[in-house]
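Values quoted throughout were computed directly from the atomic coordinates according to the rules given, and no laboratory measurement underlies them. Being a predicted model, the structure only gives us computed values, none of them experimental. Glycine also receives a Cβ, built like all others from the backbone with ideal geometry; neighbour counts cover every protein chain displayed.
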């Protein structure tokens, strides 16, 4: 062996490309085609092949699809898209067919959505129990729960497999967003559409009725819309001039207009009219907006600190979220009760509810100001010391029976206060003689 | 635990086999179109056949321990409700609850849904109803997995409850308006730690939740955003139940292996009674019927149910608040019941207070019924999904052993306690839910000794049907088997609401 060490250039540091948040879990896509997940794992939404929670970002080491360009969380499931393979993957809670595999089984490792194979996907959106994908050509496919018409197919029949929304024939959709049971879209022409559950006015159509087909929202002050996001029962949209509009449920102030009144049509957020909004995200009952200058604002439900402004009071008007050294933020993602942010310096911050480990800092306490996720941040360990999945190789399809992850009696050996042994919601506090969760491997 | 199995048999048992409680040919009222007759075969504990003399001694508790349990009750499977989940969806049932009138049934579990059933529709035979009624009358999708559902007691009278409360895996207690299908309020005060149990006091005067955060909270459901009282336990609080007689007592069971009873007027002063003795986490506490002593039945992951009693007076009004510092009464363990399997999962437990019966599920995938008087079960029924209508456990199986091996177990049970409208004191209903989402409804009736009693019973039933026209019991009237049973006059089913 040659004793001379060849000059090996240092590989560029690995950094986070984007983050996404679900009901109680979080995911991150890193450079070098690496996916990490953390938080609640009871239904397979973390994709590690088991039903365990993770308190720190953990690499899906068995998932080797090349060229992953996006990873998006639904409430209790996750999707990813491989541009190289032109393949969508999904995993997690499977009820209502939301994973698009043609059945309702829970999935514990990423599995390809075969019906979408070969499609060039521009963007994926996941709601509570339904999903949509927009192709490069501007067509929309939808699947999952459809009891309120959220799939936009004109019926209320759930769909276990993706179906094309025929109503958008001839229309080029630019961006799509999904809430609890409703969907919103903006087209390349700048039109705004809404469909599905609409009882808080969250479709923006001026009433509280559901829609089974996409319906255009009346033009708002002549503005063209370019961005759309959905919270649980509210909708947020941004115009090409950078104005922000919100509509729907505001019981917790999540519309940000300074009161707690629902709005049935898009209503301009006056407090931010002097800012150009570049990115938006809707949580369960809170909202986040990012300006082109990298400032982050939040408002709405704040019981667990998910707005991130240092207190736990609900806010019905935007409040700025502050970060160390006032670093600029480039992306924000809202989960149900927590929030993630990625800064331009490639640091990742989290705040809000932490009980299931969704904040990714190894603790299970709530936080009401941004906390650095050390494992993923350049100011931390810079993705060099990431935990990995230790589950079975992903080639085999793993299934954890409901009996293994529901109605398990918690251990009577109670950890002392302060011990970090309590993981998640006690789901894995096994009784001594059954330490290994039985898993069934299906081919 | 071996899986007992017995061939389905429609023959009458001989007197020598008096300990085998085989049910005669069953008429199962399934909610699907199969014509299969599902026979609920039952096996009693393997004791030697008794003589008639042993029956005479049954009055004596002590001797009853030694003599084999007599089954005064006949059970039959009245309905099987297959899971309505889409193929492959996870659907374990965590909790079932009859409303106080006994007309409605609610279930909740891993599927994040509250399903509500009309009990009368479940018990009707298929050819009687206008079209097969498969599935729940109503369904509410909820945001998180449910550990417990409870009908909120109404203002009294005959009205069925229209509000159902639930505790979920996100630590939230939510109340839903059943008619509108929307949440009326929620409380999220357990720091995101799982709620294991929820209960309402009679008349909805109070509500309580038990959580993984090792506390039980007690609050006024009429003012849910108001304050609440907290009781702390040494481990996760797995079960809470208010005294159904209206006395201000709350029974609490914990993963620290203890069950205690609190006076809710002074939670902070500590327990008024303690039940120590279980070897594992206490999974259920249920109040037993009123009597000279206060009695509670507990279940634990040590595979036993236990009956406890302590003297504490029966009258709520006369109850004196325990003085600060007064030691809790140590309840006496009266009896331990075993036969079922419960080591790692919640399997369900319920007490039919009026009849003194305890039902539970089992990790062996059976429904067990015990009589409080005897330590061994009086009725055991295998639960596996009927052929062709599998649950959510993967492949359908008709084999109890295979179903149990696949991890299937009976996970929730509830008795219909009886409403003040129910004139038939010798019949009951029991619902059991499985970890595959399947529900089974059993009816039971007390055996009678003579034909004369049967005639009286038939007349009474007919009168009830004519007058009420509500629940139609599909009783099969049989002559007694002439075993010379002693008629027990003392034990009447009482309305305990």
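Averaging 1/r across all pairs of distinct Cα atoms in the stretch B:164-266 and inverting the result yields a Kirkwood radius of 13.5 Å. Rounded if a/c is under 1.5, else prolate if a/b beats b/c, else oblate: with a ≥ b ≥ c from the C-alpha gyration tensor eigenvalues square-rooted, which is the stretch A:246-306? Judged from the Cα gyration tensor, the stretch A:246-306 comes out oblate (a/c at least 1.5, b/c at or above a/b). Look at where the Cα atoms of the stretch A:167-205 and of the stretch A:93-109 average out, and the two centres are 24 Å apart. Counting pairwise Cα distances across the stretch A:282-406, what percent come out greater than 24 angstrom? Summing the P(r) of the stretch A:282-406 above 24 Å gives 34 percent of all pairs. Label positions at residue B:343 and residue A:388, each projected 7 Å from the Cα along the C-beta direction, are separated by 3.5 nm.
Scaled against 2.2 N^0.38 Å for its residue count N, the alpha carbon radius of gyration of the stretch A:16-389 is 0.90. Calculate, for residue A:265 and residue A:136, the FRET efficiency according to 1/(1 + (r/R0)^6) with r their C-beta to C-beta distance and R0 45 Å; round to the nearest 0.05. Efficiency at R0 = 45 Å is approximately 0.90.
Checking the a/c ratio against 1.5 first, then a/b against b/c, what shape does the Cα gyration tensor give for the stretch A:83-196? Cα axes put the stretch A:83-196 in the oblate bin. Given a Förster radius of 56 Å and the C-beta distance between residue A:164 and residue B:185 as r, what FRET efficiency does 1/(1 + (r/R0)^6) yield to the nearest 0.05? That gives a FRET efficiency of 0.85.
Arranged from fewest to most other beta-carbon atoms within 10 Å of their beta carbon, A:90, A:381 become A:381, A:90. Compute a Gaussian network model of chain A, connecting alpha carbons closer than 10 Å, and tell me which residue from A:270, A:52, A:221 fluctuates the most. It is A:221. When the inverse distances between all different Cα atoms of the stretch A:112-269 are averaged and flipped, the Kirkwood radius reads 15.2 angstrom. Give the residues of the stretch A:36-56 whose amide nitrogen is closer than 18 Å to a point set 7 Å from the Cα of residue A:365 in the direction of its Cβ. Residues A:55-56 fall inside that zone. Rg and Dmax of the stretch A:68-139, based on Cα coordinates, read 11.0, 31 Å.
Taken residue by residue and averaged, Cβ atoms of other chains lying within 10 Å of the Cβ of B:84-95 number 6. Placing a label point 7 Å from the Cα of residue B:159 along the Cα-to-Cβ direction, the residues of the stretch B:102-121 whose backbone N falls under 17 Å of that point are B:102-104.
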